[in-house]
Amino acid sequence: MKSDIYNWFFLILKRDLLIAFRRSSTYITPLIFFLIVVSFFPLALSPDQDFLRSLAPGVIWIAALLSSLLAVETIFSEDFKDGTLDEFFVTNEPSFVLVFAKVLCHWLITGLPILLASAISSIILYLPASSFLPMICSLILGTFFMSLLGAMGAALSLGRSAILSSIIVLPFSIPTLLMGTAVVSSAINNQDYSGFLLIMGAMLAIGIPGLCLLTVEAILLNYE
Amino acid sequence: MSRIWNFIKSWTVEMGSPPLFFQWSSKALPWLAIISIIVFSIGMVWGIFYSPTDYKQGDVYRIIYIHVPSAILGQSILMFMAICGFITVVWRVKISGMLIKSAASIGASFTLIALITGSIWGKPTWGTWWVWDARLTSTLILFFIYTAIIGLHSSLDDKTKADRAISILSLVGIAIIPIIKKSVDWWYTLHQPSTFTLSSAPSMAPDMYQPLLVCVLGFYLIFAFLLTMNLRAEIVFREKNKTWVSKQYLNRQKNDK
């Protein structure tokens, strides 16, 4: 029984990753988008080093949130359109696992490029090297939470305009933004940042079961 | 024990069926209106004319009698919506879905009132209209959450589906409430910490907080009144093709003649 669930999970994950990798735009777009957004800030405000360093946590986090929401409606919409999602739901396998596999896949194809892009941006925004590790840790937790939230928004706005899911999701992403920037800016100021990281971890720990269940509920809305 | 529970469940489901609710709420509505207006006016008049002047802020502080109750309402309406959302998702009770929809616009209005009165109060006391303080910001987030819920509901055509969609969203939104509550202690900047806590005595003069309590009660009653009105409108709109609605209004037309 246990291995069945794992098989199902890896089957979905493998299938979705394969589809994503056959189309290079899925994982290149977030990376490019992130770098474009980040490079706009020095152009629009000021290329001064100290100023950019104080701005960097916020800039990186805003870019991360926006680019993780960039392709969020594709999590379910294509499978919904061609009927694959119907087939997944009529199988006896738990739909919770399906949603989690899809979220994980979305994180792998957008979250990891975002991490790479933020590493590049931390250099061009003159972030001190000591704050690099906390930034990556907070981004791992935060972008995964964003993928979960985005999946919920995508499920709620299935078959409707893509902008709707962003409007639904963005207000709920503000706690992540606040915590994430708090981690990076306290790391810059040599303060203790572990508390904020723990809160982000707690949000993720509640979010994985809670948001996956609610996403299943939201998808089922379309089959009535 | 289980018999009592079953009784409560069947009773609430029966009373919550749209036609029955419509009937008994038409009898309850005038009383609710009278009581809420009386309590609200007592609180307002007491607070604005008979409470003592603050030695530091002068008469400006009297805006507290609108600001604090509407801020409290803004948060507790979201909690109410989340409870209704849980009931909608788990038991698929029709009327609780309509309750969320009816409560959302009221909650958004109260949050907006709290934000506006807060900035009117902030100008003379803090010297600015707006500060990026944790408490203010989280109230603004609360307002955005309400707009997201209302926007999602209006974008879906099937209204029973839309009810369940926003119940999911309000369940997620409830996660923001602890952050709002705790934010004052975490990022204390300019906004004072909450005066009312259940565990300790209020730090305000009793002459000032007694009318405030009446105001909070009055706002809750006004909310109940507005919610019932909204819900009745929603019920009639949803069930306009049902026979009981046409009967209700046909009878009324006959009586009017």
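The values are calculated or read from the model by the stated rules, or taken from the named source; none is laboratory data. On a predicted model such as this, the values are computed, not experimentally measured, just so you know. A quick note on method: Cβ atoms are made from the backbone with ideal geometry, for glycine too, and the neighbour counts reach across all protein chains shown.
A compact table of results
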{"quantity": "Of all residues in region A:152-161 being within 12 Å of chain B (Cβ to nearest Cβ) and in contact (Cβ under 8 Å) with a residue 12 or more places away in the chain, the one that is surrounded by the fewest Cβ atoms within 10 Å (Cβ to Cβ)", "calculated": "A:Gly159"}
{"quantity": "A:Leu43 surrounded by 14 or more Cβ atoms within 10 Å (Cβ to Cβ) and farther than 17 Å from A:Leu177 by Cβ", "calculated": "no"}
{"quantity": "Residue check, A:Pro171 in contact with a Phe, Trp or Tyr (Cβ under 9 Å, 6 or more places away or on another chain), at the interface with another protein chain (Cβ under 8 Å from one of its Cβ atoms) and assigned to a helix (DSSP H, G or I)", "calculated": "yes"}
{"quantity": "Count of residues meeting criterion [small (Gly, Ala, Ser) and more than 28 Å from B:Ser119 (Cβ to Cβ)] in region B:130-174", "calculated": "4"}
{"quantity": "Qualifying residue in region A:123-139 (condition: of a type in the set (S, T, N, Q) and either farther than 30 Å from B:Ile149 by Cβ or in contact with an Asp or Glu (Cβ under 6 Å, 6 or more places away or on another chain) (or both))", "calculated": "yes"}
{"quantity": "Scope region A:42-82; condition farther than 16 Å from A:Phe144 by Cα and small (Gly, Ala, Ser); matching residues", "calculated": "A:Ala44, A:Ser46, A:Ser54, A:Ala56, A:Gly58, A:Ser77"}
{"quantity": "Matching residues in region B:136-176 - criterion: being outside any helix (DSSP H, G or I) and either touching a helix residue (DSSP H, G or I) at 6+ places or on another chain (Cβ under 7 Å) or under 16 Å from A:Thr176 (Cβ atoms) (or both)", "calculated": "B:Leu156, B:Ile174, B:Ala175"}
{"quantity": "Options A:Leu158, A:Leu177: the member that is part of a loop (DSSP other than H, G, I, E, B) and in contact with a Phe, Trp or Tyr (Cβ under 8 Å, 6 or more places away or on another chain)", "calculated": "A:Leu158"}
{"quantity": "Some residue of region B:39-49 being under 24 Å from B:Asn230 (Cα atoms) and surrounded by fewer than 14 Cβ atoms within 10 Å (Cβ to Cβ)", "calculated": "yes"}
{"quantity": "Test: A:Met135 is under 17 Å from A:Ile188 (Cα atoms), buried (at least 21 other Cβ atoms within 10 Å of the Cβ) and at pLDDT 90 or above", "calculated": "yes"}
{"quantity": "Odd one out for A:Phe196, checked against (1) under 14 Å from the mean Cα position of the chain (by Cα); (2) buried (at least 21 other Cβ atoms within 10 Å of the Cβ); (3) more than 9 Å from every other protein chain (Cβ to nearest Cβ)", "calculated": "(1)"}
{"quantity": "All positions within region A:103-130 that are out of contact with any Phe, Trp or Tyr (no Cβ under 9 Å at 6 or more places or on another chain) and surrounded by 21 or more Cβ atoms within 10 Å (Cβ to Cβ)", "calculated": "A:Cys105, A:His106, A:Leu127"}
{"quantity": "Single unsatisfied condition, A:Val183 versus (1) part of a loop (DSSP other than H, G, I, E, B); (2) more than 10 Å from chain B (Cβ to nearest Cβ)", "calculated": "(1)"}
{"quantity": "Those residues of region B:106-122 which are hydroxyl-bearing (Ser, Thr, Tyr), buried (at least 18 other Cβ atoms within 10 Å of the Cβ) and touching a Phe, Trp or Tyr at 6+ places or on another chain (Cβ under 8 Å), in sequence order", "calculated": "B:Thr111"}
{"quantity": "Candidate set: region A:208-224, residues that are more than 10 Å from chain B (Cβ to nearest Cβ) and not aliphatic (A, V, I, L, M); chosen: the one nearest to A:Met152 (Cα to Cα)", "calculated": "A:Cys212"}
{"quantity": "Per-region count, region A:20-40, residues surrounded by 13 or more Cβ atoms within 10 Å (Cβ to Cβ) and in contact (Cβ under 8 Å) with a residue 40 or more places away in the chain", "calculated": "10"}
{"quantity": "Residues that are at pLDDT below 75, in a helix (DSSP H, G or I) and either in contact with a Phe, Trp or Tyr (Cβ under 7 Å, 6 or more places away or on another chain) or more than 7 Å from chain A (Cβ to nearest Cβ) (or both), drawn from region B:177-188", "calculated": "B:Ile177, B:Ile180, B:Lys181, B:Lys182, B:Ser183, B:Val184, B:Asp185, B:Trp186"}
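A quick yes/no check of all residues on (1) more than 8 Å from chain A (Cβ to nearest Cβ); (2) surrounded by fewer than 23 Cβ atoms within 10 Å (Cβ to Cβ):
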residue: B:Pro124; (1), (2): yes, yes
residue: B:Gly127; (1), (2): yes, yes
residue: B:Asp133; (1), (2): yes, yes
residue: B:Phe143; (1), (2): yes, yes
residue: B:Tyr146; (1), (2): yes, no
residue: B:Gly151; (1), (2): no, yes
residue: B:Asp158; (1), (2): yes, yes
residue: B:Asp163; (1), (2): yes, no
residue: B:Leu169; (1), (2): no, no
